[in-house]
1. Would you check if A:I271 is over 28 Å from B:S346 (Cα atoms), assigned by TED's automatic domain parsing to the domain that holds A:A94 and in contact (Cβ under 8 Å) with a residue 24 or more places away in the chain?
2. Does B:E77 count as at the interface with chain A (Cβ under 8 Å from one of its Cβ atoms) and not hydroxyl-bearing (S, T, Y)?
3. Provide a single number: the residues in segment B:98-134 that are outside any loop (DSSP other than H, G, I, E, B) and more than 9 Å from every other protein chain (Cβ to nearest Cβ).
4. Given the options A:K67, A:K113, A:K98, name the one that is out of contact with any strand residue (DSSP E or B) (no Cβ under 7 Å at 6 or more places or on another chain) and closer than 25 Å to A:E23 by Cβ.
5. Restricting attention to segment A:247-303, which residues are at pLDDT below 90 and of a type in the set (D, E, K, R)?
6. Among the candidates B:L48, B:L26, B:L22, which residue alone is under 30 Å from A:L364 (Cβ atoms), at the interface with chain A (Cβ under 7 Å from one of its Cβ atoms) and either aliphatic (A, V, I, L, M) or under 20 Å from the mean Cα position of the chain (by Cα) (or both)?
7. Do any residues in segment A:404-420 that are surrounded by 14 or more Cβ atoms within 10 Å (Cβ to Cβ) have Cβ atoms under 8 Å from those of residues that are of a type in the set (S, T, Y) and in a strand (DSSP E or B), where the two are at least six apart or on different chains, and which pairs are they?
8. Scanning segment B:53-86 for residues that are crowded, with 20+ Cβ neighbours inside 10 Å and aromatic (F, W, Y), which turns out farthest from B:M42 (Cα to Cα)?
Number of protein chains: 2
Amino acid sequence: MYQIPRGTRDFTTEEMQKRRYLEDSLRTTFQTFGYKEIQTPMFETLELFTAKSGEGIIEEIYSFKDKGGRDLALRPELTAPVIRFYVDKLQMEAKPLKLFYFGNCFRYDRPQKGRYREFMQAGCEIIGADTPEAYAELIAMAYYLLKNVGLKDVKLNIGNLNILSSLFETLKISKDKQKQLIPLIDKSQFDEVLTLLQVFGVGKKVANEFLEILQLSDIKKITKIIEKDESAKKELAYLEKILNLLEKSFNIKNYQIKMSIVRGLDYYKGIVFEIDAPLLGAEKQLCGGGAYELVSLFGGKETPTAGFAIGFDRTILALETEKYPFPSTKIKVYVIPVNEETIDKSLEIAQNLREQGISTDIDLLRRGIGKSLKYASSINAEKAILVGPRELEQGSVTIRDMKTGEQETVKLNDIQNRVN
Amino acid sequence: MYQIPRGTRDFTTEEMQKRRYLEDSLRTTFQTFGYKEIQTPMFETLELFTAKSGEGIIEEIYSFKDKGGRDLALRPELTAPVIRFYVDKLQMEAKPLKLFYFGNCFRYDRPQKGRYREFMQAGCEIIGADTPEAYAELIAMAYYLLKNVGLKDVKLNIGNLNILSSLFETLKISKDKQKQLIPLIDKSQFDEVLTLLQVFGVGKKVANEFLEILQLSDIKKITKIIEKDESAKKELAYLEKILNLLEKSFNIKNYQIKMSIVRGLDYYKGIVFEIDAPLLGAEKQLCGGGAYELVSLFGGKETPTAGFAIGFDRTILALETEKYPFPSTKIKVYVIPVNEETIDKSLEIAQNLREQGISTDIDLLRRGIGKSLKYASSINAEKAILVGPRELEQGSVTIRDMKTGEQETVKLNDIQNRVN
């Protein structure tokens, strides 16, 4: 017996129904916001990802040489490929470009609960717009994407990395020291942040103020603390505009300001946001994104870019946790040839129903009525059509309602009406 | 600038609309036939593919070692992974299993016209049924999958590898010699087949009979020639049953018998078929499949299996060649804030329309009316909504029909009715 590769999954028919439901719902919302779908290859040149994330990423991804000696990598995320596509072929398109995509990504992680080596993401980028309304629309779309799939309990957190950078500058904390602080901030380990700030020689009062900002969600209070930091104040005013649009134009009021969002990625700049499903505990983040700079790094003419990604697995887990009633595509009609004589006519009846878009299955194993009815019941078919030789001579079949057990004799040309 | 890997593709928004149309249409037809969707990982252990196709396949696929030293391979096709999935997890399910799937596959081919290193396939397997009605339904589904996507000109060819094997046996042609003949038969190079048969010591009369069978499409004539071959006769009678069902029950009459179909694969047994789009010339084959044996090779309890695959690229090429009018998802409404004051209200108007499922875009770049109308026209928006400060004070906006240029003043709470 051959094993499935470690950390990867087979999806059953039930799981695929959930995944296709999610995909369809997300696609519909993206499209109503004026976004259009694109797709990039499953692998890229390795240097695309090292250029974006540094050599360290090689440890975490599936990289390999093709037979021509080229270094390739299964994509660990979708933003770098999309910006590569943009720089290569889309720079001349009318701005802003609003692009969305679905794709499998791959990471060479240690497999653990809810973390797989192959996983699916939905994502989008808006290229060429950095007005407050552009960012407000982007964040609102992320929120409504998740609301429209049926999630009740989601939490939107919004931060701004330029404010964080500005604070670091005021505190005279070098880039190297920032790198030690950022993972702690990201995990909300504020005691450790305080200790480390003191090790770095930041005075207790100033350090405490810094920590207060990271934990405050009241924009007025934050403004008061950073009063003297002109650059941070400007960023905060800009953020406030975005928040006003979210509230007034998009009717989103249950968000929180969270200056400790760092997204763990070097290329984010300015606004960042995350959407959580609090029910999921430690693995609660469903969506993350923000503004970033990547176009010029990839050789293009710099232009504002922002985007986000939604994790498929966690979103489905969140829906399951909320007991969302996923729709399922069912077989509507099951056709049963009563004996071998009626097989050809049974196939014809099935085919006629299918041509009307009615999902129809048929006994292909000559199982007899009893077993076939049991099978029809096991697949939740609504109706069974019994095709017997004597009835057929009279131009009729028997239609059985699988829920009530009621049966009626129906003329051949009346079957479609009766099953619909 | 970073390059896309050789032989792979980025898909633009226009191309994705075609691909999603095709995928949706195929999925709908699969489902009306009672098939259900599954999915397997993008890569498998290398030995899965060498077990099925021999060591030779390593030359043609992307294989690599993961960081744990395991030999993996990007899947070159989907049947082996699906049967691996079946043997591993689905053997206890009620038979027959009717499974379909979509997936990208990878081959390390020399890129050429219409052949890519990453390509998408749709496919299916029926597991646990080998009645004539099961095969007739499978072939009919393949045919209707392609008809339902909108193709007018498709050609169904049906063969039977058991008959070919039986003929080889009668002619006392060893397996090794068969291997030399099969590629020539596959390419319909019948002169070369004749020469080689004579080299192998087959008498001219018998060799000519063999070639006649390969080229005949009249089942009566074939039966007459193989009269003495009991095994081939039995297979032919079985094939005839399937063909009768195709004609009578599925109303498919324009097929051809083609005994020279060999599918180039060792594991096919019995019925085989191909569907071509003759308009495409040399690259005309859209679909190929048949009955095969793979379950026991993969460690499962042997059970009948059959399936087929449809190539996405060629199917789209065939539709394009027939000038099929692909549906396109368009932006219905484009909202234009006439100046900065009306941005928040414009976003709200857009959001209200989106909540009604109306695809709506909005000027996010403060471009002004002229440029925004030009943009709305370039994306084929049906309506533009101009949100001006003075009208807004009166609770109104202007809706412009982008085709006729007609404009009307509309109350805010009447917008939805007017754009629908």
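The values are calculated or read from the model by the stated rules, or taken from the named source; none is laboratory data. Everything quoted here is computed from the prediction, not taken from an experiment. Note that we place each Cβ from the backbone using ideal geometry, even for glycine, and neighbour counts take in every protein chain shown.
1. Considered against the rule, which asks whether it is over 28 Å from B:S346 (Cα atoms), assigned by TED's automatic domain parsing to the domain that holds A:A94 and in contact (Cβ under 8 Å) with a residue 24 or more places away in the chain, A:I271 comes out as no.
2. No; evaluated as a whole, the condition is false for this residue.
3. Total satisfying the criteria: 14.
4. Step by step, each of A:K67, A:K113, A:K98 is checked, and only A:K113 is out of contact with any strand residue (DSSP E or B) (no Cβ under 7 Å at 6 or more places or on another chain) and closer than 25 Å to A:E23 by Cβ.
5. A:R263, A:D266, A:K269, A:E283
6. Matching residue, one of B:L48, B:L26, B:L22: B:L48.
7. Within 8 Å, the pairs are A:V410/A:S396; A:V410/A:T398; A:L412/A:S396.
8. Among those residues, the one meeting the criterion is B:Y86.
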